[in-house]
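Taking it in order: structure first as C-alpha cells, then the write-up.
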Amino acid sequence: MLDLSEYINQDFEVPKRSSKLPVTSDRILAKVMSKDKINSTNHWANCIISVSTKKDEEAFSNLFSHFAPRIKSFLMKSGADATTAEECAQDTMVTVWHKAYLFDPTRAAASTWIFTIARNKRIDLARRNNRPEPEDLPWGSDPEPDASDVIMMQQETTLLAEAVKNLPLKQRSIVERAFYADLSHQEIAEETGLPLGTIKSRIRLALQRLRHNMK
Amino acid sequence: MTKNMTIKHHLNEKLLMSYAAGILPEAFNLVVATQMSISDEARARLASFEAIGGGILEDTNKEQMSPTAFQDVLQKIKKTKPVKKYSAPTMVEGVFPEPLKKYAGDELETVKWKSIGRGVKQAILKTDNKASARLLYIPAGTAMPNHSHNGLEMTLVLKGSFHDEKDQFKRGDIEIADQDLHHKPTASDDGPCICLVASDASLKFKSIIPRLLQPFFKI
C-alpha cells in the first residue's frame with residue numbers, strides 16, 4: 001500500500017516531482033487548508049487503494065462510515081426519497097469495492113471518484129438504462145503512483161472545494177444546484193468562471209505520465 | 001489514430017459542468033463520453049469539473065444509514081460478480097471509442113445505415129427521448145443540407161473531417177451549434193466524414209423540400 005504519512009508530516013514541503021506546474025505555492029495551500037483536511041483526504045485515498053490491493057474490509061468499513069451517509073444525503077438532496085437513496089448509496093459502495101482497482105489517486109481525490117460513481121447511479125436510477133462511463137474505460141491506473149503526486153492531487157481538490165465555498169453566493173448556488181440536479185443544462189452560463197486551471201494541469205500531467213508508462 | 005491527439009474544438013464549460021453534474025440528456029452524454037475517450041485534454045477538463053462534485057459530496061451533511069447497511073453491502077459484494085476488467089488500451093484504436101460501442105456496435109462496418117439522399121447516410125442511436133443521437137456519413141466533398149437550429153446540437157467528428165464557413169473540424173473536435181448558427185458543414189475532399197450528432201430539437205431546413213422530408217427521416 002502507498003504510505004503517504006511521511007509527506008503529510010512534513011508541513012507542506014512541496015514534493016519535487018511535480019514542480020513543473022505553475023502551481024499555487026505551498027504557502028498559499030498551507031494558509032487555506034488545515035493539516036487535518038489534507039490528512040483526511042489522503043486517508044480516504046489510502047483506504048481505496050487498500051481495498052483494491054488487499055481486499056481490506058476494515059479500510060472499506062471506514063470508507064463506508066464516512067461516505068455512505070453523505071452519498072445518501074447527496075441523493076436525497078437530488079430528489080430521491082429516503083428508501084431509494086439508502087439503496088442507491090449501498091449500491092454505490094458495492095461498486096466502490098469492485099472498481100477500487102480503477103481508482104487512480106494521481107488523477108482524482110477519493111471524494112471525486114466516489115462522487116462520479118454516485119452520480120452515475122443517480123442517472124441509472126432516472127433512466128434505468130445503459131450509460132457510457134468513460135471513467136471505466138481508460139487505461140486504468142498507474143501501478144506505482146508517485147506519493148507526491150497523490151498528495152498534490154488530494155490537496156488540489158481540497159483547495160478547489162474551499163474556493164467553491166468562497167464563491168459569491170449566487171455563483172456558488174448555481175454550482176450546487178447543478179450538482180444536485182436542480183438545474184437544467186440550459187440554465188448554466190457558457191463560461192462558469194470557476195478556478196480550475198491548476199487542477200486541470202495536474203490531471204493532464206497524470207494522464208501524460210500514464211500514457212508514457214504504457215509505451 | 002492515437003488517443004492523445006491534439007484537438008482544437010472543445011466543449012464549453014457549461015456542457016462540461018452539466019456532464020460532471022449528471023444533468024445532460026443521454027444523447028449529449030454519449031457525445032461527451034465519446035470525446036473523453038478520444039482526447040486526454042478533454043478528459044482533464046472534465047475531471048476538473050468532477051472534482052467540484054467531490055468537494056460537494058465531502059461537504060454535505062450525513063444522512064443516517066440503516067443499522068444493517070454495512071452488512072447488507074458486504075452481502076451484496078459477495079453476491080455480485082466483480083466488474084469486467086478492461087484490458088490495457090492500445091495506442092491505436094478503431095473509429096468507435098468504447099462508450100459509443102454500447103450504442104452503435106463494435107465497428108463502423110456493421111452500422112445499419114439509411115440513405116437520406118445525395119450519398120448522405122445516417123443511423124439513429126437509441127437514447128432517451130429528451131434528445132436524439134445519430135451517426136452521420138457524409139461523402140467526400142458533400143455538403144449537408146443548409147439548416148439552422150432551434151435547439152442545441154453537438155457534432156463530434158469520428159473519422160475524416162468537415163469544414164463550415166468558419167473552421168475545420170477533425171477527429172475528436174466538437175462543434176456546438178445553437179439558434180444563432182446557420183451553417184453548411186461540408187465533408188473534406190479527401191474522404192468521407194463520419195460524425196456523431198446529438199440534438200435536442202429537430203433541424204429547421206431552409207428549403208422547402210428537406211423540410212417536407214423531415215418527419216420521415218427523423219432529423
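The table for this structure:
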{"item": "The one condition in (1) farther than 28 Å from B:ASN129 by Cβ; (2) at pLDDT below 80 that B:SER207 fails to fulfil", "result": "(1)"}
{"item": "Close pairs (9 angstrom Cβ cut-off, 6 or more residues apart or separate chains): polar (S, T, N, Q) in region B:145-157, surrounded by fewer than 20 Cβ atoms within 10 Å (Cβ to Cβ) and at pLDDT 80 or above anywhere", "result": "B:THR155/B:ILE176"}
{"item": "Selected residue (criterion: surrounded by the most Cβ atoms within 10 Å (Cβ to Cβ)) from residues of region A:83-98 that are under 14 Å from A:SER65 (Cα atoms) and more than 8 Å from chain B (Cβ to nearest Cβ)", "result": "A:VAL96"}
{"item": "Neighbours by Cβ (under 8 Å, 6+ apart or cross-chain): first from region B:97-114, within 9 Å of chain A (Cβ to nearest Cβ); second of a type in the set (Asp, Glu)", "result": "B:PRO99/A:GLU133"}
{"item": "All positions within region B:93-118 that are small (Gly, Ala, Ser), touching a strand residue (DSSP E or B) at 6+ places or on another chain (Cβ under 9 Å) and under 19 Å from B:VAL32 (Cα atoms)", "result": "B:ALA104"}
{"item": "Subset of region A:181-215 (residues that are within 14 Å of B:ARG45 (Cα to Cα) and among the β-branched types (Val, Ile, Thr))", "result": "A:THR192, A:THR198, A:ILE199, A:ILE203"}
{"item": "Pair list, Cβ under 9 Å, 6 or more apart: region A:155-173 residue among the basic types (Lys, Arg), other residue not in a helix (DSSP H, G or I)", "result": "A:ARG172/A:ASN166"}
{"item": "Of residues in region B:16-33 being at the interface with chain A (Cβ under 7 Å from one of its Cβ atoms) and not small (Gly, Ala, Ser), the one nearest to A:LYS200 (Cα to Cα)", "result": "B:MET17"}
{"item": "Residue that is nearest to the other protein chains (Cβ to nearest Cβ), among those in region A:157-215 that are assigned to a helix (DSSP H, G or I) and hydroxyl-bearing (Ser, Thr, Tyr)", "result": "A:THR157"}
{"item": "Matching option when the condition is over 21 Å from A:ILE123 (Cα atoms), surrounded by fewer than 22 Cβ atoms within 10 Å (Cβ to Cβ), out of contact with any strand residue (DSSP E or B) (no Cβ under 9 Å at 6 or more places or on another chain) and polar (S, T, N, Q), among B:THR68, B:THR60", "result": "B:THR68"}
{"item": "Cβ pairs under 9 Å, 6+ apart, first in region B:75-86 and at the interface with another protein chain (Cβ under 7 Å from one of its Cβ atoms), second modelled with pLDDT under 65", "result": "B:VAL83/A:ASP136; B:TYR86/A:ASP136; B:TYR86/A:LEU137; B:TYR86/A:PRO138; B:TYR86/A:TRP139; B:TYR86/A:GLY140"}
{"item": "Strands (runs of 3 or more DSSP E) completely within region B:87-185 that count 2 or more residues being under 30 Å from A:TYR101 (Cβ atoms) and at pLDDT 85 or above", "result": "B:153-159"}
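Results for (1) touching a residue at least 60 places away in the same chain (Cβ under 8 Å); (2) more than 21 Å from A:LEU210 (Cβ to Cβ); (3) touching a helix residue (DSSP H, G or I) at 6+ places or on another chain (Cβ under 9 Å); (4) of a type in the set (Gly, Ala, Ser), shown as yes or no for each residue.
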{"site": "B:GLU13", "(1), (2), (3), (4)": "no, yes, yes, no"}
{"site": "B:PHE28", "(1), (2), (3), (4)": "yes, yes, yes, no"}
{"site": "B:GLU41", "(1), (2), (3), (4)": "no, no, yes, no"}
{"site": "B:ARG45", "(1), (2), (3), (4)": "no, no, yes, no"}
{"site": "B:GLU58", "(1), (2), (3), (4)": "no, yes, yes, no"}
{"site": "B:LYS62", "(1), (2), (3), (4)": "no, yes, yes, no"}
{"site": "B:SER66", "(1), (2), (3), (4)": "no, yes, yes, yes"}
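The values are calculated or read from the model by the stated rules, or taken from the named source; none is laboratory data. All of these numbers come straight from a predicted model, not from anything done at the bench. Using ideal geometry, Cβ is built from the backbone for each residue, glycine included, and neighbour counts are taken over all protein chains shown.
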